[in-house]
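J.: The structure is given below, and queries will be raised subsequently.
The values are calculated or read from the model by the stated rules, or taken from the named source; none is laboratory data. It should be emphasised that the depicted structure is a prediction, and the values quoted were computed from it without experimental measurement. So basically every Cβ, Gly included, is an ideal-geometry build from the backbone, and we count neighbours across all protein chains shown.
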Amino acid sequence: MAERLDGTVALVTGASSGIGEAAARALAAQGASVSLVARRKDRLDSLAKELGSAGTRTLVIEADVTDRGQAVEAVERTAATLGRLDTVVNNAGVMLLGPAEDAPMDEWDQMVRVNVLGLLYVAHAALPHLLSAAASAPRRVADLVNISSVAGRIARAGSGVYNLTKHGVGAFSESLRQEVTSRHVRVSLVEPGAVKTELLTHMRPEIQELTAQRFVNMERLEADDISEIITFIVTRPRRVAINELLVRPTDQVP
């Protein structure tokens with residue numbers, strides 16, 4: 001049976017679009033107050049207005065999670081302003097594919113900064129607050145949901161560094177889960193396959209075109225499909241932990 005999130009606070013990174021935006025809406029619909037964290041403040045403001053009109057208490061935080069100070073400040077502001085922190089959706093990410101030979105090193109740097117360091121900064125700062133929330137009412141359980149990818153399971157030519165970052169997210173998530181699960185902080189890993197988001201638009205045009213060809217005959221997932229899964233994970237009873245969930249489009253093979 002699902003348990004609503006009334007009286008709890010959620011923080012979502014990468015909340016300005018795609019899975020993050022959809023997750024923020026879904027968590028708000030379950031009664032959570034929501035801290036919206038991303039770099040594009042105009043989009044966050046628009047989302048906050050929408051959620052606020054429906055009665056959700058929101059907090060807009062313009063931040064780049066690859067900056068450790070900004071990531072920590074986003075977590076601390078959330079807890080201080082909204083009163084606690086029960087749920088974190090570590091969603092901010094970037095996918096810059098292409099062959100390793102002659103690859104722009106700034107793309108590799110960016111993937112490591114966003115997909116690994118940004119996630120670690122937020123998780124590290126949030127952990128004390130999640131442990132505190134798990135020890136108190138209303139739910140006596142807290143959730144850290146790390147968004148990975150099918151690329152965290154399957155390596156492909158042309159996506160080596162992206163694979164590296166997402167495999168790392170999986171390893172970190174499982175190790176942390178073992179450390180804190182007995183204290184009722186649930187660490188969950190969500191691994192989407194192809195989803196219709198802005199990820200493709202971040203690539204160089206020639207790589208974007210090649211990647212898009214893989215999806216020509218595929219009905220990709222919607223961001224709402226993943227937000228429903230996130231909601232399922234965090235609304236389980238205290239006794240239930242969903243540790244890892246891989247979801248692909250029905251048409252996707254690898």
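J.: Write out, first by first residue and then by second, each pair whose Cβ atoms fall under 9 Å of each other, whose residues are 6+ apart or on separate chains, and whose first residue, in segment 136-152, is under 28 Å from Arg248 (Cβ atoms) and without any contact (Cβ under 8 Å) to a residue 12 or more places away in the chain while the second is part of a helix (DSSP H, G or I) and of a type in the set (Gly, Ala, Ser).
T.: Pairs found: none.
J.: Now for a different question. Identify, from the list Glu62, Glu101, the residue that is modelled with pLDDT of 95 or more and touching a helix residue (DSSP H, G or I) at 6+ places or on another chain (Cβ under 9 Å).
T.: Of Glu62, Glu101, the one residue that is modelled with pLDDT of 95 or more and touching a helix residue (DSSP H, G or I) at 6+ places or on another chain (Cβ under 9 Å) is Glu62.
J.: If you don't mind, there's one more thing I want to ask. Which ones in segment 73-105 are hydrophobic (A, V, I, L, M, F, W, C) and either in contact with a strand residue (DSSP E or B) (Cβ under 9 Å, 6 or more places away or on another chain) or more than 25 Å from Leu199 (Cα to Cα) (or both)?
T.: Scanning segment 73-105 gives Ala74, Val75, Ala79, Ala80, Leu82, Leu85, Val88, Val89, Ala92.
J.: Output the number of the condition that Ile233 fails; it satisfies all remaining conditions of (1) of a type outside the set (S, T, N, Q); (2) part of a loop (DSSP other than H, G, I, E, B); (3) in contact with a strand residue (DSSP E or B) (Cβ under 8 Å, 6 or more places away or on another chain).
T.: (2)
J.: For the subset of segment 215-230 comprising residues that are in a helix (DSSP H, G or I) and among the β-branched types (Val, Ile, Thr), which member is surrounded by the fewest Cβ atoms within 10 Å (Cβ to Cβ)?
T.: Ile229
J.: Restricting to segment 235-254, give me the number of residues that are among the β-branched types (Val, Ile, Thr) and under 18 Å from Ser182 (Cβ atoms).
T.: Residues meeting the conditions: 2.
J.: Can you name every residue in segment 197-214 that is in contact with a helix residue (DSSP H, G or I) (Cβ under 7 Å, 6 or more places away or on another chain) and either assigned to a strand (DSSP E or B) or within 16 Å of Asn91 (Cβ to Cβ) (or both)?
T.: Within segment 197-214, Thr197, Glu198 qualify.
J.: Can you tell me how many residues within segment 1-35 are over 21 Å from Val195 (Cα atoms) and among the hydrophobic types (A, V, I, L, M, F, W, C)?
T.: Within segment 1-35, the first condition is being over 21 Å from Val195 (Cα atoms), and the residues that meet it are 1-11, 28-35.
Filter once more, keeping what is among the hydrophobic types (A, V, I, L, M, F, W, C): 1-2, 5, 9-11, 28-29, 32, 34.
Within segment 1-35, residues that are over 21 Å from Val195 (Cα atoms) and among the hydrophobic types (A, V, I, L, M, F, W, C) number 10.
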